[in-house]
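Remarks on the structure that follows.
All of the numbers you see were taken from the coordinates with simple rules; none came from a lab. Worth saying up front: this structure is predicted, and the values here are computed from it rather than measured. Because the Cβ atoms are built from the backbone with ideal geometry, glycine has one as well, and the counts that use them run over all protein chains shown.
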Amino acid sequence: MKISSNGITLHVEEQGKVGIPLIFLHYWGGSSRTWKYVTSELATDHHTIAIDHRGWGQSEATESGYTLADLSADIDGVIKALNLRRYVLIGHSMGGKVAQLMASRRPAGLVGLVLVAPSPPTPMALSAKARESMVGAYDSRAAIEATIDNMLTAKPLSPSDREQVIEDSMKGAPTAKLAWPRGASQEDITDQIGKINVPTLIISGELDRVDTPDVLRAELQSRLPHTVMSVLPGTGHLSMLESPRELALSVRRFCAQFTQ
């Protein structure tokens, strides 16, 4: 489904019609289909809405507009277009930082927040040289394969899931690929996230090499007053592909408190 939001067209995958809506935001390099196993599992008793960020998946790419505020406005437009009265926001990695900013603004209808291996609110702790190496992480199939093996996963992906990650990473618009390491990842929103006032669940992979559980405890959990944290054993950064059932179960248990 295509939805006009914030002056662009976004691709949205929608499943299920019962239960409280769950809005899924993906990582830098992914798409709405990164969440496919989790949304399929949860769609039996929830209304799931997975969105391609601008420049990724099947959403429109633009030459600018990739700040956290821009990406947040995109998602807010989808929420309004779908007339969602109550919802839970679920963000992964880059999408997790977008979700933090959105939740800090206390939007009407937001009842809960799930942050899966989220990028912390602080600027990414990388040197300028390391950030520039990130810029080329999705430039070729070989580079993406190395990123999958050395950074993104702890468990081997199935051949089809691995190919999906490669396809999504290669398909990203050049502006979207550049915008995260050079821009949004360096934004500091620590002052804003203290305003988050809904129950929040942080889910981390035990073996995540992008943002470790210890980093998330220190940089994020310590700053959020209504937060619990769950760690998935033997899992890396792509928990929705590495441990989808365990992740879906954690989300379902957390969202049980919001049943209508």
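Approximating the spin labels as points 7 Å out from Cα along Cα→Cβ, the Ser160-to-Lys2 distance works out to 2.8 nm.
Residue-wise HN-Hα couplings along region 76-83, as the Karplus relation 6.51 cos²θ - 1.76 cosθ + 1.60 with θ = phi - 60° gives them from phi, are 4, x, 5, 4, 5, 5, 8, 6 Hz; Gly and Pro carry x. Estimated from helical segments only, the mean residue ellipticity of the chain at 222 nm is -10500 deg cm²/dmol, where each DSSP H run of four or more residues counts as -39500 (n - 2.57). Applying the Karplus relation 6.51 cos²θ - 1.76 cosθ + 1.60 with θ = phi - 60° to region 186-192 yields 3J(HN,Hα) values of 9, 5, 10, 10, 4, 5, 7 Hz, where x marks Gly and Pro. Just how far, in whole angstrom, is region 30-95 from region 143-219 if you go by their alpha carbon centroids? Answer, in whole Å: 15.
For Lys129, a cut-off of 26 angstrom between C-alpha atoms picks up these lysines, skipping any fewer than 8 places away in its own chain: Lys97, Lys171, Lys177. Please list, in order, the residues from region 31-59 whose amide nitrogen is less than 16 Å from a point placed 7 Å along the Cα→Cβ vector of Glu167. Output list for this probe position: 31-37, 52, 56-59.
Determine which residues of region 234-260 fall in the zone a paramagnetic label at Thr44 would reach in this model, i.e. backbone nitrogen under 20 Å from the point 7 Å along Cα→Cβ. Under cut-off, by backbone N: 240-260. Here's how it looks for Ser204: its modeled amide H is under 5 Å from those of Ala117, Ser230, Val231, Leu232, which are all 5 or more places away or on a different chain. Classified by the C-alpha gyration tensor, region 40-128 has a prolate form. Its axis ratio a/c, with a ≥ b ≥ c, is 1.5 or above, and a/b is larger than b/c. Counted residue by residue at 0.36 nm each, then reduced by the alpha carbon distance between them, the extension gain from Lys195 to Gln58 reaches 46.0 nm.
Pairwise Cα distances in region 1-50 exceed 11 Å for 67 percent of all pairs. Working note: Cα gyration tensor of the chain, eigenvalues times five, square-rooted, sorted largest first, giving semi-axes of 24, 20, 19 Å.
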